[in-house]
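The numbers here are math on the coordinates, done by the rules we state, and not lab data. What you see is a predicted model, and the numbers here were worked out from it, not measured in a lab. Heads up, the Cβs are rebuilt from the backbone with ideal geometry, glycines too, and the neighbour counts pull from every protein chain shown.
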Amino acid sequence: MFELLKTPDYVSLSNVALGILSILVAACSDDTEPLLSISAALLLLAAVADGMDGWVARKTSGGGPLGEHIDSLADVISFGIAPAVLLTVFCKVNGSFASLIIASVVACIYVICGVLRLARYNAFHASIPSGYEGIPITAGCVAIAVFTIFLDKIRLVLTESQVQYIPFILIAAMLVMSLLMISKVPYSKVMKTNTFLFLIAVFTLTVLSSVFVSVYAAIAPGILSFLMIIYLIIPVAGKLSGRKRTEI
């Protein structure tokens, strides 16, 4: 079996390991430790591994015959199932029974949409030259993970009654991610060097902030959350305005 694997495949398997660790950490979470944030940070690291396997493949002899299949299965685990578990546990820890039930339904929808997004890409290579058609499942997971870290830090300064509403924000975010994954909204890749380096810096600070139990640890994920929202909204607004002009 192992003779079929190449270096990029091991990077993809590290993606799987990080996704499983995220699930296990989330399962151990309560409202006294920053384990939910750490679980989310592990998903961000899994996203890094997902990007690294392609880079490693280009720098080496490429992936093995199992590479494409491993990559897709890794994405389902780390960027589909793991964030769904994270949402469910977040609502169990911070929300009401009603929010837990709703979160469970939305989590199932998210995983299904993620699988459909991956299947569409694998079957039809449904991407556009300058980016993607619908957000990739990796981007959807990154958004959920960043929002989770931000909300997990913000709740420290909220009253118990206010904290009850936080899960619904994350539920709404996951539902939006689900719809965007199966949409045909075009999303571009981050190409400018300065922008890319800035995002790496904020991304790194967000991962590091996950281990701190302080409201100040919400600054980096707050900035990244804002940037993610802008990235998600602009293409949708552009597509809607374009459709409106066509109808006129």
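In this model, which of 59/184; 59/189; 6/189 are farther than 25 Å apart at the alpha-carbon?
Numbers: 59/184 32 Å; 59/189 21 Å; 6/189 27 Å.
Those over the limit are 59/184; 6/189.
In the stretch 107-173, which chymotrypsin sites (Phe, Trp or Tyr not before Pro) are in a loop and have at most 14 other Cβ atoms within 10 Å, using DSSP for the loop call? Mind dumping the intermediate values first?
Details: sites: 110, 121, 124, 132, 147, 150, 165, 168; in loops: 165.
Loop-located and lightly packed - 165.
Looking only at trypsin sites (Lys or Arg not before Pro) in DSSP loops with at most 12 other Cβ atoms within 10 Å, what is the longest site-free stretch of the chain?
Values: sites that count: 184, 189, 192.
Longest run free of exposed loop sites: 1-183.
Given the chain, report the % of alpha carbon pairs whose separation exceeds 34 Å.
Roughly 16 percent, rounded to a whole number.
Among 86, 19, 178, whose Cα projects farthest towards the positive end of the dipole of the chain, with charges put on the beta-carbon of Lys, Arg (+1) and Asp, Glu (-1)?
Of the options given, the answer is 178.
Taking the Cα centre of the stretch 2-247 as origin, work out the dipole magnitude from +1 charges on Lys and Arg Cβ and -1 charges on Asp and Glu Cβ, in debye rounded to 20. Walk me through the numbers on the way to the answer.
Values: 15 positive and 14 negative charges, 190 e Å.
Roughly 920 debye, rounded to the nearest 20.
Normalised by the residues of the chain, what does the relative contact order come to in percent, with Cα pairs under 8 Å and at least six apart?
Here the relative contact order equals 22 percent.
At a 10 Å Cβ-Cβ cut-off, how would you order 177, 1, fewest neighbours first?
On the way: 177 25, 1 5.
The fewest-first ordering by Cβ neighbours comes to 1, 177.
Give, in nm to one decimal, the length gained when the segment between residue 214 and residue 182 is fully stretched (0.36 nm per residue of separation minus the Cα-Cα distance).
Working: separation 32, 0.36 × 32 = 11.52 nm, distance 3.63 nm.
Extra length available between residue 214 and residue 182 comes to 7.9 nm.
Assuming R0 = 25 Å, what is the FRET efficiency of residue 24 and residue 66, from their Cβ-Cβ distance, to the nearest 0.05?
On the way: r = 25 Å, r/R0 = 1.00.
Result of the calculation: an efficiency of 0.50.
Going by C-beta contacts inside 10 Å, put 42, 175 in order with the fewest on the left.
Values: 42 26, 175 17.
Final ranking by Cβ density, sparse to dense: 175, 42.
Which of 240, 43 has the fewest other C-beta atoms within 10 Å, and how do the rest follow up to the most? It would help to have the intermediate numbers written out before the result.
On the way: 240 11, 43 27.
So the ranking, lowest neighbour count to highest, is 240, 43.
Cα extents of the stretch 128-217 along the three principal axes, largest first, in whole Å?
Principal extents (largest minus smallest coordinate, Cα): 47, 29, 14 Å.
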